[in-house]
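Notes to accompany the following structure.
The values are calculated or read from the model by the stated rules, or taken from the named source; none is laboratory data. Just so it is clear, the structure is predicted and the values come from calculations on it, not from any experiment. FYI the Cβ positions are ideal-geometry reconstructions off the backbone, even for glycines, and counts take in every protein chain you see. Each accessible area value is taken on the protein alone, full model and side chains, heavy atoms only, with ligands, DNA and RNA left out. Shrake-Rupley method; radii C 1.70, N 1.55, O 1.52, S 1.80 Å.
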Amino acid sequence: MNQHTNPDREARSILIANDRGGYTIPTEGLYPYQWNWDSAIAALGFAQFDLDRAWTEIETLFTGQWEDGMVPHILFHQQDEGYFPGPDVWGCNGPIPSSGIIQPPIAATMARKIWEQDTAFGDARMKELFPKLLAWHRWIMKWRLDEFGAVCTTHPWEAGRDNAPDWDNSMARMDASDVGEYQRRDTSHVNSDDRPTKFDYDRYIKLVQIGRDAGWDQQALLSLNPFRVADPTMTFTTLRAARDVLMISEKLELEAEGLSEDIEKLESGARSLWNEDLGSFDSRDAHTGEMAESISNASYLCWYAGMESDRMLKGLKSVLETVPYPVPSYDPDMPKFDARRYWRGPTWAFMNMMIGFGLADMEHAQQAEQLRQKTAELISGYGFAEYFDPKTGSPAGGQAFTWTAAVWLHWAGRA
Ligand code: GLC
């Protein structure tokens with residue numbers, strides 16, 4: 001372990017170094033563009049020392065919003081040869097070159113937090129942002145719901161948990177034999193044992209090709225896309241965002257018709273992801289109805305979405321007691337657990353923070369505090385890595401990572 005003696009200073013320097021002027025890259029090399037949910041987390045970090053810059057981060061993200069309300073998962077503000085698949089592979093026509101999928105919609109929730117930090121400062125900017133947040137919410141309600149009201153991910157990258165075991169069955173059913181030759185870039189920046197396998201990558205690229213060939217026409221993709229999984233990340237974050245958008249509309253007296261009904265629909269969708277045998281919220285393949293049988297860190301976002309669950313709380317308490325550096329992205333007792341491989345085991349600090357927000361909101365102050373302290377121990381002991389081995393704390397993936405720095409400034413490092 002390498003003690004980081006002044007993590008506050010280090011965290012600020014990381015945000016400043018990753019700032020590309022109005023937006024922040026997740027980390028140099030591996031992720032050289034603006035990522036959607038990373039940016040929302042970055043804004044929370046900036047809000048600790050530069051509130052104006054925090055707002056700008058989110059505003060820049062929405063400059064990439066498509067006419068129909070969609071907010072892309074990556075904005076390619078400037079070309080970088082070190083990343084694949086770039087704008088030419090996605091073939092999109094938004095206002096800024098971008099990918100053709102979204103990411104979990106956490107921008108409304110984080111924008112609400114920075115607005116509440118100083119409403120006098122933020123009122124005008126929130127009024128400006130509000131219709132954009134609402135349009136994105138409506139886009140998700142139109143294109144991503146399954147028949148139960150749960151929110152689907154149409155690409156493993158869309159849920160932001162790229163190689164989670166949640167997608168294994170759905171991915172195994174896909175044929176990617178005609179994906180063709182391509183050159184991965186991620187494994188030239190970091191250790192390939194920490195990254196998704198070739199089997200997964202072929203399917204990620206195949207799904208991009210399917211979307212591009214359909215001109216990203218969502219109506220057509222409902223039947224063309226072989227991958228459609230209702231998942232706790234998309235469902236819980238959409239539900240939480242809807243609650244925040246509603247609350248903002250009430251405070252600022254802005255029009256938000258239909259939001260209460262949407263919230264009810266999303267609540268029943270969230271309940272439909274409960275897997276009784278597993279004792280956890282789980283993912284469900286929207287094409288086959290099959291549950292994934294996966295207890296992930298996204299399962300523990302139920303409180304973030306305002307959903308109480310005694311069994312999830314019991315599960316979380318046990319994770320906090322038994323896993324040295326919680327919360328693992330996948331249950332360590334399950335055979336597919338892999339301590340270093342991305343979303344199949346490692347702990348992600350920003351997911352901890354969102355779980356912590358939910359716990360605090362739902363009056364589980366003790367667990368929220370325990371999780372905050374353990375996350376602080378992890379970051380101050382092992383640095384600002386992309387993710388960590390939950391058993392040893394050992395850092396993995398990219399280094400000097402924006403969202404880990406933001407988590408430190410906003411939450412973990414604030415005793
Ligand atoms: C990876 C993560 C995703 C994140 C992106 C940039 O793809 O799985 O959640 O947004 O990297 O950090």
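Any chance you could run the full-extension gain for Glu369 through Thr392? It's 0.36 nm times the residue separation minus the Cα-Cα distance, nm to one decimal.
Going from the current span to full extension adds 6.2 nm.
To the nearest 0.05, how large is the calculated FRET efficiency for Asp333 and Asp193 if R₀ is 25 Å and r is the Cβ-Cβ distance?
Step by step, r from the Cβ atoms, then E = 0.70.
Dividing the alpha-carbon Rg of the stretch 133-230 by 2.2 N^0.38 Å yields what?
For the stretch 133-230, the normalised Cα radius of gyration comes out at 1.16.
Under 1.5 on a/c is rounded, so check that first for the stretch 1-85, then, if it is not, pick prolate when a/b is larger than b/c and oblate when it is not; a ≥ b ≥ c are the square roots of the alpha carbon gyration tensor eigenvalues.
Oblate is the answer for the stretch 1-85, as a/c is 1.5 or above yet b/c matches or exceeds a/b.
Over the chain, what is the mean sequence separation of C-alpha contacts under 8 Å (at least six apart), divided by residue count, expressed as relative contact order in percent?
20 percent
Near the amide H of Phe281, under 5 Å away, which other amide H atoms are found, from residues 5 or more places off or on another chain, if H is placed in the peptide plane?
When sequence neighbours closer than 5 places are left aside, the close amide H contacts are Asn275.
Report, in whole Å, the centroid distance computed from the Cα atoms of the stretch 248-278 and the stretch 299-356.
Between the Cα centres of the stretch 248-278 and the stretch 299-356 lies a distance of 23 Å.
What's the center-to-center distance, using Cα atoms, between the stretch 144-217 and the stretch 1-50 in Å?
Taking the Cα centre of the stretch 1-50 as reference, the centre of the stretch 144-217 is 26 Å away.
What are the GluC sites (Glu not before Pro) within the stretch 217-326 that DSSP puts in a loop, where the Cβ has at most 15 other Cβ atoms within 10 Å?
The qualifying sites are Glu253, Glu255, Glu257, Glu276, Glu290, Glu308.
Which residues among the stretch 281-305 fall inside the zone where the amide N is under 16 Å from a point 7 Å beyond the Cα of Ser223, along Cα→Cβ?
287
Compute the Rg/Rh shape ratio of the stretch 250-408: radius of gyration over Kirkwood radius, all on alpha-carbon atoms.
Taking Rg over the Kirkwood Rh, I get 1.00.
Under a 1.4 angstrom probe, counting protein chains only, how are Asp338, Asp213, Asp389 ranked by accessible area, largest first?
Largest to smallest exposure gives the sequence Asp213, Asp338, Asp389.
Where a Cα-Cα gap under 18 Å defines reach, which aspartates and glutamates qualify for Lys142, not counting those fewer than 8 residues away within the same chain?
Glu67, Asp68, Glu158, Asp217, Asp231, Glu257, Glu261, Asp262, Glu264, Glu267
Residue separation times 0.36 nm, minus the C-alpha to C-alpha distance between Val179 and Ala124: what's the value?
Once the chain is fully extended between Val179 and Ala124, it gains 15.1 nm.
So for the chain, what are the equivalent ellipsoid semi-axes in whole Å, largest first, each being the square root of 5 times an eigenvalue of the Cα gyration tensor?
Result for the chain: semi-axes of 27, 25, 24 Å.
Looking at the chain, which longest stretch skips every one of the chymotrypsin sites (Phe, Trp or Tyr not before Pro) that is in a DSSP loop with at most 16 other Cβ atoms within 10 Å, leaving the sites themselves out?
183-415
For Asp80 and Ala214 in the same chain, what is the full-extension length gain: residue separation times 0.36 nm, less their Cα-Cα distance, in nm?
Taking 0.36 nm per residue and subtracting the Cα distance, the gain is 45.7 nm.
Given a cut-off of under 8 Å on Cα pairs at least six residues apart, what relative contact order in percent is computed for the stretch 354-415?
That works out to 25 percent.
With an 8 Å Cα cut-off and a minimum separation of 6 or more residues, compute the relative contact order for the stretch 106-202 in percent.
14 percent
Near Lys251, which lysines are there with a Cα under 18 Å away, not counting those fewer than 8 places off in the same chain?
By straight Cα distance, Lys251 reaches Lys113, Lys127, Lys132.
Quick check on my link table: of Lys198/Lys374; Lys206/Lys336; Lys198/Lys336, which ones sit more than 26 Å apart, alpha carbon to alpha carbon?
Checking Cα-Cα distances, Lys198/Lys374 exceed 26 Å.
Using DSSP to call loops (not H, G, I, E or B), can you name the GluC sites (Glu not before Pro) in the stretch 115-208 whose Cβ has at most 16 other Cβ atoms within 10 angstrom?
Here the sparse-neighbourhood loop sites are Glu147, Glu181.
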